[in-house]
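Visitor: Attaching a single structure in structure tokens format; questions to follow.
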There are 4 protein chains.
Amino acid sequence: SQYEYVKKFETYQTLLPNTYIVVRIDGKGFTKFTANHNFEKPNDKRGLDLMNKAAESVMETFNEIMLAYGQSDEFSFVFKKDAELYQRRTEKIVSCVVSCFTAAYAMHFSDYFNIKPSFLPMFDARAVCYPDFKNLRDYLNWRQVDCHINNLYNTCFWTMVQKGNMTPQKAQEILKDTLSDRKNEILFNDYGINYAKLEPQFRKGSTLIRVLVLKDKHANKEAEQAESQQKREKCEENQGLNKEGALQQQNEEGEEQKENAEELLKEESDSVMTKGEKKYIAGQKKQKKLNSKQLEKIEKSKYRSKIITLSDDIIQNEFWDKYKDSLKLQE
Amino acid sequence: SQYEYVKKFETYQTLLPNTYIVVRIDGKGFTKFTANHNFEKPNDKRGLDLMNKAAESVMETFNEIMLAYGQSDEFSFVFKKDAELYQRRTEKIVSCVVSCFTAAYAMHFSDYFNIKPSFLPMFDARAVCYPDFKNLRDYLNWRQVDCHINNLYNTCFWTMVQKGNMTPQKAQEILKDTLSDRKNEILFNDYGINYAKLEPQFRKGSTLIRVLVLKDKHANKEAEQAESQQKREKCEENQGLNKEGALQQQNEEGEEQKENAEELLKEESDSVMTKGEKKYIAGQKKQKKLNSKQLEKIEKSKYRSKIITLSDDIIQNEFWDKYKDSLKLQE
Amino acid sequence: SQYEYVKKFETYQTLLPNTYIVVRIDGKGFTKFTANHNFEKPNDKRGLDLMNKAAESVMETFNEIMLAYGQSDEFSFVFKKDAELYQRRTEKIVSCVVSCFTAAYAMHFSDYFNIKPSFLPMFDARAVCYPDFKNLRDYLNWRQVDCHINNLYNTCFWTMVQKGNMTPQKAQEILKDTLSDRKNEILFNDYGINYAKLEPQFRKGSTLIRVLVLKDKHANKEAEQAESQQKREKCEENQGLNKEGALQQQNEEGEEQKENAEELLKEESDSVMTKGEKKYIAGQKKQKKLNSKQLEKIEKSKYRSKIITLSDDIIQNEFWDKYKDSLKLQE
Amino acid sequence: SQYEYVKKFETYQTLLPNTYIVVRIDGKGFTKFTANHNFEKPNDKRGLDLMNKAAESVMETFNEIMLAYGQSDEFSFVFKKDAELYQRRTEKIVSCVVSCFTAAYAMHFSDYFNIKPSFLPMFDARAVCYPDFKNLRDYLNWRQVDCHINNLYNTCFWTMVQKGNMTPQKAQEILKDTLSDRKNEILFNDYGINYAKLEPQFRKGSTLIRVLVLKDKHANKEAEQAESQQKREKCEENQGLNKEGALQQQNEEGEEQKENAEELLKEESDSVMTKGEKKYIAGQKKQKKLNSKQLEKIEKSKYRSKIITLSDDIIQNEFWDKYKDSLKLQE
Ligand SMILES: Nc1nc2c(ncn2[C@H]2C[C@H](O)[C@@H](COP(=O)(O)OP(=O)(O)OP(=O)(O)O)O2)c(=O)[nH]1
Ligand SMILES: Nc1nc2c(ncn2[C@H]2C[C@H](O)[C@@H](COP(=O)(O)OP(=O)(O)OP(=O)(O)O)O2)c(=O)[nH]1
Ligand SMILES: Nc1nc2c(ncn2[C@H]2C[C@H](O)[C@@H](COP(=O)(O)OP(=O)(O)OP(=O)(O)O)O2)c(=O)[nH]1
Ligand SMILES: Nc1nc2c(ncn2[C@H]2C[C@H](O)[C@@H](COP(=O)(O)OP(=O)(O)OP(=O)(O)O)O2)c(=O)[nH]1
Ligand SMILES: O=P(O)(O)OP(=O)(O)OP(=O)(O)O
Ligand SMILES: O=P(O)(O)OP(=O)(O)OP(=O)(O)O
Ligand SMILES: O=P(O)(O)OP(=O)(O)OP(=O)(O)O
Ligand SMILES: O=P(O)(O)OP(=O)(O)OP(=O)(O)O
Ligand SMILES: [Mg+2]
Ligand SMILES: [Mg+2]
Ligand SMILES: [Mg+2]
Ligand SMILES: [Mg+2]
Ligand SMILES: [Mg+2]
Ligand SMILES: [Mg+2]
Ligand SMILES: [Mg+2]
Ligand SMILES: [Mg+2]
Ligand SMILES: [Mg+2]
Ligand SMILES: [Mg+2]
Ligand SMILES: [Mg+2]
Ligand SMILES: [Mg+2]
């Protein structure tokens, strides 16, 4: 029609190819939202678990997200370098990720708080590109250090206020300009709290990654298939544009990682495949000679991709070494 | 910390000042979402009312939105030219609007459908700038013409399938390449349906605007004040950055529009102030001499801003003439 | 080839349609460039004329530029709202305009300074969009006010140093925090200089616009046609993408403005068509009845588009009223 | 002033940190420019040498450019990953590079063609980011393959037309859809031309890099110092914003690369330091124990940075291995 020219006023920016895309969402006005819904101070496990639940929904929907890291009212989603979601259009990626997260947060709120939220939870979002793995690690370090610093401060502050019966002003004054060591001392000496022993989820934040797990041999097959079918559909339905890519990739992962995997069957089901296990499998491979095509078909049905939630230190290399193969983030 | 350099990889784009910002959200994969939840075809009033409800929440949250237009699974939000929300940062505006809309849609879904959604509703969003009022009108025309064309087609199609017992293929074949006139004829001659008499909401889409209304003099004052207070808080809490601007603007509007407004008290309460009414007030103004400061204070308490939902034709000038003063979109 | 994927890393931004595009270029390190080439202080007419010459070359090359304003080491080029140059791609427009300006500045330097430049003149450039005519006027006001303020200060400063034999420090100290009035007084009382009488080019900067002029009837026809042909070619050759648009537009201008223009032939040739003249023509139009098609053909050959350089005040309306028709900037 | 608000309409985009910035300039309408100035077909050495000269000026001006590659009417400039020029603002970098190139091309045109250009040479420019070294190599490969393909075609075509007296149509027809091999055969069998023996500059394009060279011990010291001083100033003057960075970097380079470099003094002056030489120096280092501070001071004065122009194959690793240390492009 004569009006269609207005479409030309739309412009779209894309995110540089061959870079890690990080989408960070952050609760809008959560100082008031948490206060209003009486979140426990400084950490409310229900609230943090709800955040993790919403992040899991996002990862189920967008299969190119390899890792998600959350703390406080924020979550960062890391797409692999060659992600093609919406042809890397910035607004599409940002809006769909935040919309998915918000929907999940809103839908599940009452599961965690037993009430309906008294006003709408809302999140902002942004996309950032990181060209290399070191930049990505430094980004995640930045967020985890932020978690640590805020949480140590808040833990001291609220302990002093709640257990020490100090006024907020007094507590703030004492803590002003103190270093980490001093805060640890205050907690330990004055309140008998060993900070390092507190809930890792509070101290380290939450990290969600995808791993391949063995299906439980004794589990109800039908139930499992139903779950798996359901997930595929959720992905398909929400994903829109790169639906086929999504499914294809899941299959490829399967094929690649599961060669000679029958060795693994001896191990307990549902366990994550770590680097050590992989090495073991690789060793076995040389000793045996199998009809690999035939085997593959059998093996495929024994594994499924699963999102797990950790409270690990992601600054040290240990985490990255352990999950290297699952993450597939480092070339 | 040593990691903070990663913050420099963030860049933010802003939307050109002195242009209308239009944010359009659109349901992701709603072909499947509507099918899955058995939306009535071609229009499900529950679904469309839910969209309107969510749009109203968005307008309550962002007070610089002057008008919203919705049809099918989409909604367009029009910000006034001098909007300052998040300093016009694109990602912030896009993400917060879509997050707010999604939260409301998700939270209220069960109010309209009596079930929980079986998977997450998700919306994409984009922001577009239009430099002048004609461009803006043409944009809205584009959307309403789209509504008309799709709805006429869909109404024919589903009538032929549901009432005419045709196969979808057959119906499609007959409708292929027909003009509007022919479709109207088919409906009228074959099925006795006068398209022009069908639900305006389906034919025209929904338009939400803000108007000033007189408070109901006889209404329960406390209830009203509570409502008003609640709204202010919702706005304040969600709004974040331009909270003060929001409140200030509401007051200014009040002061500006309500001079000599006691004349209006004779009219029925809750009525929208149209152009004619405004003229009348202006006329009265010249005849009287009042202590305006004193009067203002009294008057302020008699009005409140309200969002109304219409199914008007917004292509013709009539709508724009009628609500000119409320919309304040044309310089 | 296997390498072509790298092309996908290119992205291009475009400038919002239906807005005035202003490209401003500014000499890079001209503090040193002017010092090194012994430019007269505070204004070197040779340098400013060279800038104007380069700007004229730019306007000859890009026919959608309606006005250019220059002062000091900068020039602003104003494209009409519906300019389509390079599909409004930002980098293309910015790079080609600055390249054209630089080439002309470098090529003509020796015509004005009788030496080759001892190092390369270099200019940066940017593109800015302005949505409405008021914004555009304010932009140009901003530049002309800047010209005035700097020039008044510099004139005082260098007069005090050069004629008053003050040290730069002394002059700076005296001028610090003085208002315009005081500076005018110093010039007049201490040095007998009436600032308002100084060279308008220095005080007001230079404004280049396109006007239609009558060809000189007595001029050598061949020479004129050659010039005109040469210009068309220059435009064609450099313009690239919108070559056809360029020629078409020049013709349209011709047709539109020249109706009944034989009346104008009585006036002296080469004169600019002002508003008054236009009105006169319009008046004549009603009295006569002519075969307009026939006439047009004759008339076309009598006019040519010409770029003129003015030192007008462009803040007041007078300038804009006078050249309204030539500028075609205001809808 | 009241007009300053217009400055807010400016926005600036920046180029993603930690990526190679490539600025490619390309002659605007050079099909006509080269024809008009009777460039030899298919390659005019004067024209290509002039392009190289202009590129050298660009590299002298912007010291963060590590390599430039040119062919036909285009040149690509590669900035190191951590370049900070104009805080990586896109428009600034693009406009200044193209302006510098154009100025040099315009100023030196008559040195190569003995005439003034009959119209202005003009170049467009764009900036592209490449996240890793492989992407960068592939980019350069893309350009050099383009050079090869076009040059082989053009060499055949013009040989057939000029030596074979064919019509352009005939030549085109014969060459249509031929592969490289066939083109080589035609040249060799029909015209006795061994393509591989033709001017490398035409077949491979030109690559400019910076290398450290020993100063000529016997050279006129004063002349040399003057040249060096002049270059520093040119850089300083044009560079603007990151002037200090520029100088600092040059010094650091010096210090780093010249340790124990007196060994090199035995070699002929002005030679490029290759990998082999570096290794040799490194070996010597372990055998001697010197007062390094003292030595450094002496050594610094023995070297200078120099831009050299090559016609190498830059697709193979050989080039990159040879100049690895000079290029410092690979982490
Ligand atoms: N009590 C409580 N508060 C929390 C918890 N997690 C986050 N918060 C609060 C603490 C902070 O006030 C707020 C997060 O800080 P932000 O910097 O994101 O501020 P806020 O969301 O208010 O503003 P914003 O819209 O993001 O600029 O959320 C929790 O588990 N318990
Ligand atoms: N049955 C029914 N369907 C509706 C209603 N409103 C919208 N829809 C459906 C019709 C279309 O299939 C779909 C909207 O079209 P879109 O072009 O937005 O497609 P969709 O959302 O599937 O894909 P997208 O993710 O936007 O690219 O939603 C309704 O009231 N009833
Ligand atoms: N002597 C003299 N100097 C002039 C004339 N026109 C401009 N200039 C000088 C005065 C200023 O130092 C300089 C223009 O100021 P800018 O703010 O553009 O500074 P500059 O170009 O040095 O730095 P930039 O690279 O633009 O950041 O050029 C002139 O006619 N005569
Ligand atoms: N005779 C001759 N022509 C050359 C030489 N180097 C480049 N050219 C010409 C061949 C091509 O027609 C032209 C470069 O091709 P382009 O694709 O850049 O086309 P052109 O510059 O005309 O258009 P553009 O403004 O870049 O879109 O320059 C040369 O050494 N000798
Ligand atoms: O929101 P803050 O203050 O934690 O910091 P930020 O998220 O970097 O700021 P913004 O939300 O304004 O981008
Ligand atoms: O921007 P897209 O890809 O969503 O495309 P669109 O302009 O919204 O068109 P459609 O109605 O096909 O989504
Ligand atoms: O260059 P200045 O200082 O006159 O001001 P600007 O041109 O707005 O600054 P920049 O050149 O850095 O955009
Ligand atoms: O960006 P453009 O339009 O100049 O296109 P290009 O990629 O440079 O290709 P061409 O060689 O056709 O100019
Ligand atoms: Mg924030
Ligand atoms: Mg927050
Ligand atoms: Mg936060
Ligand atoms: Mg869409
Ligand atoms: Mg949709
Ligand atoms: Mg839709
Ligand atoms: Mg500047
Ligand atoms: Mg300057
Ligand atoms: Mg300047
Ligand atoms: Mg090109
Ligand atoms: Mg070219
Ligand atoms: Mg080219």
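The values are calculated or read from the model by the stated rules, or taken from the named source; none is laboratory data. Nothing here was measured: the structure is a model prediction, and the numbers come from that model. Glycine also receives a Cβ, built like all others from the backbone with ideal geometry; neighbour counts cover every protein chain displayed.
Visitor: For the structure I just gave you, tell me whether B:Lys328 is out of contact with any His (no Cβ under 8 Å at 6 or more places or on another chain), closer than 28 Å to B:Ala55 by Cβ, at pLDDT 70 or above and basic (Lys, Arg).
Guide: yes
Visitor: On to the next question. Being over 24 Å from A:Arg24 (Cβ atoms), in contact with a Pro (Cβ under 6 Å, 6 or more places away or on another chain), modelled with pLDDT of 95 or more and more than 16 Å from ligand 1 (Cβ to nearest atom), is that true of even one residue in region B:106-119?
Guide: Looking for residues that are over 24 Å from A:Arg24 (Cβ atoms), in contact with a Pro (Cβ under 6 Å, 6 or more places away or on another chain), modelled with pLDDT of 95 or more and more than 16 Å from ligand 1 (Cβ to nearest atom), one finds at least one in region B:106-119, hence yes.
Visitor: In region C:17-56, what count of residues is obtained for those that are in a loop (DSSP other than H, G, I, E, B) and of a type in the set (Lys, Arg)?
Guide: Of the residues in region C:17-56, 2 are in a loop (DSSP other than H, G, I, E, B) and of a type in the set (Lys, Arg).
Visitor: So, one more: Is it the case that C:Ser76 is under 23 Å from C:Arg143 (Cβ atoms), away from ligand 11 (no atom under 16 Å from the Cβ) and of a type in the set (Gly, Ala, Ser)?
Guide: yes
Visitor: Starting from region A:157-185, keep only residues that are on the phi > 0 side of the Ramachandran plot, then list their pairs with residues that are in a helix (DSSP H, G or I) whose Cβ atoms are within a distance under 8 Å, requiring at least 6 positions of separation or different chains.
Guide: No pair meets every condition.
Visitor: Checking B:Glu233 against (1) charged (D, E, K, R); (2) part of a helix (DSSP H, G or I); (3) at pLDDT below 95; (4) more than 22 Å from the chain's Cα centre (by Cα), only one condition comes out false. Which one?
Guide: For B:Glu233, the failing item is (4).
Visitor: Let me ask something additional. Is it true that C:Ile65 is more than 9 Å from chain D (Cβ to nearest Cβ), in contact with a Leu (Cβ under 6 Å, 6 or more places away or on another chain), at pLDDT 95 or above and away from ligand 6 (no atom under 16 Å from the Cβ)?
Guide: no
Visitor: Looking only at region D:136-166, count every residue that is within 24 Å of D:Thr207 (Cα to Cα) and basic (Lys, Arg) and tell me the total.
Guide: Residues flagged as within 24 Å of D:Thr207 (Cα to Cα) and basic (Lys, Arg) within region D:136-166 amount to 2.
Visitor: Still on this model: So, of the residues in region D:32-41 that are crowded, with 16+ Cβ neighbours inside 10 Å and among the hydrophobic types (A, V, I, L, M, F, W, C), which turns out to be nearest to ligand 7 (Cβ to nearest atom)?
Guide: D:Phe33
Visitor: Of the residues D:Arg203, D:Arg210, D:Arg137, which single one is more than 16 Å from ligand 5 (Cβ to nearest atom), surrounded by 14 or more Cβ atoms within 10 Å (Cβ to Cβ), touching a residue at least 24 places away in the same chain (Cβ under 8 Å) and closer than 30 Å to C:Tyr105 by Cβ?
Guide: Result: D:Arg210 is the single residue among D:Arg203, D:Arg210, D:Arg137 that is more than 16 Å from ligand 5 (Cβ to nearest atom), surrounded by 14 or more Cβ atoms within 10 Å (Cβ to Cβ), touching a residue at least 24 places away in the same chain (Cβ under 8 Å) and closer than 30 Å to C:Tyr105 by Cβ.
Visitor: Quick check on my filter: what residues within region C:87-123 are small (Gly, Ala, Ser) and more than 8 Å from chain D (Cβ to nearest Cβ)? Full working, then the answer.
Guide: Filtering region C:87-123 for residues small (Gly, Ala, Ser) gives C:95, C:99, C:103-104, C:106, C:110, C:118.
Result: C:Ser110, C:Ser118.
Visitor: Okay, next question. How many of the residues in region A:27-42 are of a type in the set (Gly, Ala, Ser) and near ligand 1 (Cβ under 6 Å from one of its atoms)?
Guide: From region A:27-42, those of a type in the set (Gly, Ala, Ser) are A:27, A:29, A:35; that's our starting set.
Imposing the further condition that a residue be near ligand 1 (Cβ under 6 Å from one of its atoms) reduces the set to A:27, A:29.
The number of residues fulfilling the criteria is 2.
Visitor: Here is a follow-up. May I ask you to verify whether B:Glu74 is within 18 Å of B:Ser206 (Cβ to Cβ), away from chain A (no Cβ under 12 Å), surrounded by fewer than 24 Cβ atoms within 10 Å (Cβ to Cβ) and of a type in the set (Asp, Glu)?
Guide: yes
Visitor: Tell me whether region D:152-166 contains one or more residues that are in contact with a Leu (Cβ under 8 Å, 6 or more places away or on another chain) and charged (D, E, K, R).
Guide: We begin by selecting, within region D:152-166, every residue in contact with a Leu (Cβ under 8 Å, 6 or more places away or on another chain); these are D:153, D:155-157, D:159-160.
With charged (D, E, K, R) added as a condition, the list becomes none.
Checked against the condition, which is being in contact with a Leu (Cβ under 8 Å, 6 or more places away or on another chain) and charged (D, E, K, R), region D:152-166 yields no hits at all.
Visitor: Quick one: would you say C:Val58 is within 16 Å of ligand 8 (Cβ to nearest atom), under 22 Å from C:Gln13 (Cβ atoms), buried (at least 19 other Cβ atoms within 10 Å of the Cβ) and at pLDDT 95 or above?
Guide: Taking the combined requirement at face value, the residue does not satisfy it.
Visitor: Could you count how many residues in region B:1-31 are touching a residue at least 40 places away in the same chain (Cβ under 8 Å), more than 9 Å from chain A (Cβ to nearest Cβ), of a type in the set (Ser, Thr, Tyr) and surrounded by fewer than 18 Cβ atoms within 10 Å (Cβ to Cβ)?
Guide: 1
Visitor: Right, here's the next one. When only residues in region C:129-146 that are within 7 Å of chain D (Cβ to nearest Cβ) and touching a Leu at 6+ places or on another chain (Cβ under 9 Å) count, which is farthest from ligand 8 (Cβ to nearest atom)?
Guide: Across region C:129-146, the extreme among qualifying residues is C:Tyr130.
Visitor: Find the residue count for region B:186-200, including only residues that are part of a loop (DSSP other than H, G, I, E, B) and loosely packed, with under 14 Cβ neighbours inside 10 Å.
Guide: So the answer is 3.
Visitor: Considering region B:69-105 alone, what residues qualify as being aliphatic (A, V, I, L, M) and under 19 Å from A:Met122 (Cα atoms)?
Guide: Result: B:Leu85, B:Ile93, B:Val94, B:Val97, B:Val98, B:Ala103, B:Ala104.
Visitor: Right, something else. What residue, among those in region A:23-63 that are charged (D, E, K, R) and within 16 Å of ligand 5 (Cβ to nearest atom), is farthest from A:Lys306 (Cα to Cα)?
Guide: A:Lys32
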